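Q: Have a look at this one before I ask anything.
The values are calculated or read from the model by the stated rules, or taken from the named source; none is laboratory data. Just so you know, these numbers come straight off a predicted model, no measurement behind them. Counting neighbours? That spans all protein chains shown, and the Cβs are built from the backbone with ideal geometry, glycine included. These accessible areas exclude ligands, DNA and RNA; they are computed on the full protein's heavy atoms, side chains included. Shrake-Rupley method; radii C 1.70, N 1.55, O 1.52, S 1.80 Å.
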Amino acid sequence: MAEDICFFNKETLIIKPPKKSPLLLRMTVLVFAMVFGVYICSICLKQLSIQTMTRFQSIKVIARPCHDTKLLEIPYKHYPMPETFSRAECARNPVRFFAILSMQRSGSGWFESLLNSHKNVSSNGEIFSVRSRRENISSIVQTLDKVYNLDWFSSASKNECSAATGFKWMLNQGLMEHHKEVVQYFNRRGVSAIFLFRRNLLRRMVSVLANSYDRYAKLLNGTHKSHVHSEEEADTLKKYKPTINSTKLITDLKEMELTTSKALEYFNSTRHIVLFYEDINRTKLKEVQEFLSLPQMELTSRQVKIHNGPLSDLIKNWDDVKKTLIGTPYEDFLRSDY
């Protein structure tokens, strides 16, 4: 305090008031700034949380319709404009695109005849059996465009009033070779895949060998037929009993299984349904019609099964085949009568 006392003369003593501490002033200002800052931040955070909640609520409202099955089907509804004819009053009716993906002698012909019995379905057969149509991906795409534009004519074409149009495509007809490009095409054009396989691969093998033999033998009055429409014709073709190479049998069955699994893997990203020949019944056919968004109808076929009954009556070297398969994962094929 000594420095705060001043003498102006001998009679007068002046005492100066003490100076305020600059440290205390700074502390006061700092505390005030902190309190004010906390208050401002709390207001900002409250406004931000309100905006964020509003934004999330708006996203939920927008996202909700995406689960509507009708909206999910939009990419699979098409309104083709054919170059070769006018769809007339059916122009506003949507068309679904499909492809039956299968292997020879797996029941695809019978299944396709069932589909074609529907008054609004056009399944145009095995169009890629002609090699020039599958020479490269360009020729494949050109063929696909023609089919899905309704400009492909066959005995199955319903033309302007088709509600679903497609064809059957064997795995060994360029499909597996160009699977990446075909998958891209299916997803881009909204093509639904219908896989049709056979559980009993041994019966498929019998059918393949017998059909191959008849191409040259022409057992039906000098005519080759892959499918028949009478019991008499079926009995005639059934008389031929193929001989199966038992040495390669296990390897051949494994290769068939591998091809099937690869096809399912390659086309996993497409919209698809998997069917087995042995399971086709009225219930399954209703599922297929639902899959293609078709009005339900009773589907029928005139085709008659050729190789029915026990396999022991259909294979010439039955004992060798039986011996080969007993004790393997394929043993069940021996006992299946269908």
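Q: Using the per-residue mean of other Cβ atoms lying within 10 Å as a proxy for protection, in what order, highest first, do the peptides 87-96, 166-175 fall?
A: 166-175, 87-96
Q: Give the distance, in whole Å, between the Cα centre of the range 264-295 and the Cα centre of the range 141-185.
A: With the range 264-295 and the range 141-185 each reduced to a Cα centre, they are spaced 17 Å.
Q: What does the charge count near S106 come to, summing +1 for each Lys or Arg and -1 for each Asp or Glu among other residues with Cβ under 9 Å from its Cβ?
A: Combined, the nearby Lys, Arg, Asp and Glu give +3.
Q: With only alpha-carbon atoms counted, please give the Rg and Dmax of the range 123-166, in Å.
A: Answer for the range 123-166, Rg first and Dmax second: 10.7, 32 Å.
Q: Follow-up question, since we're still on this one. Quick one: net charge of F186's neighbours, Cβ under 12 Å, K/R +1, D/E -1?
A: Summing Lys and Arg as +1 and Asp and Glu as -1 gives +3.
Q: Okay, moving on. What order do Y213, Y148, Y277 take when sorted by accessible area (1.4 Å probe), most exposed first?
A: These residues rank, largest area first, as Y213, Y277, Y148.
Q: Another question, then. Using only protein heavy atoms and a 1.4 Å probe, report how much of H78 is accessible, in Å² to the nearest 10.
A: About 30 Å², rounded to the nearest 10.
Q: Note down the net charge around E278, summing +1 for each Lys or Arg and -1 for each Asp or Glu among other residues with Cβ under 10 Å from its Cβ.
A: +2
Q: How big is the accessible area of T300 in square angstrom, nearest 10, if you roll a 1.4 angstrom probe over the protein chains?
A: Ignoring ligands and nucleic acids, T300 comes out at about 80 Å².
Q: Per q in 0.14 Å⁻¹, report the Debye log10 I(q)/I(0) for the range 90-334, using one uniform scatterer on each alpha carbon and no solvent.
A: Taken in order of the listed q values, log10 I(q)/I(0) reads -1.01.
Q: Return the ratio Rg/(2.2 N^0.38 Å) for the range 222-302, where Rg is computed over Cα atoms only.
A: Ratio of Cα Rg to 2.2 N^0.38 Å: 1.54.
Q: Need one value: the accessible area of K305 in square angstrom, 1.4 angstrom probe, rounded to the nearest 10.
A: Roll a 1.4 Å probe over it and K305 shows about 50 Å².
Q: Set the Förster distance to 25 Å, then compute FRET efficiency between Y216 and N308 from the Cβ-Cβ distance, nearest 0.05.
A: Efficiency, from the Cβ-Cβ distance: 0.55.
Q: If you rank S157, S138, S192 by how much accessible surface each has, with a 1.4 Å probe, what is the order from largest down?
A: So, going from the largest accessible area down, we get S138, S157, S192.
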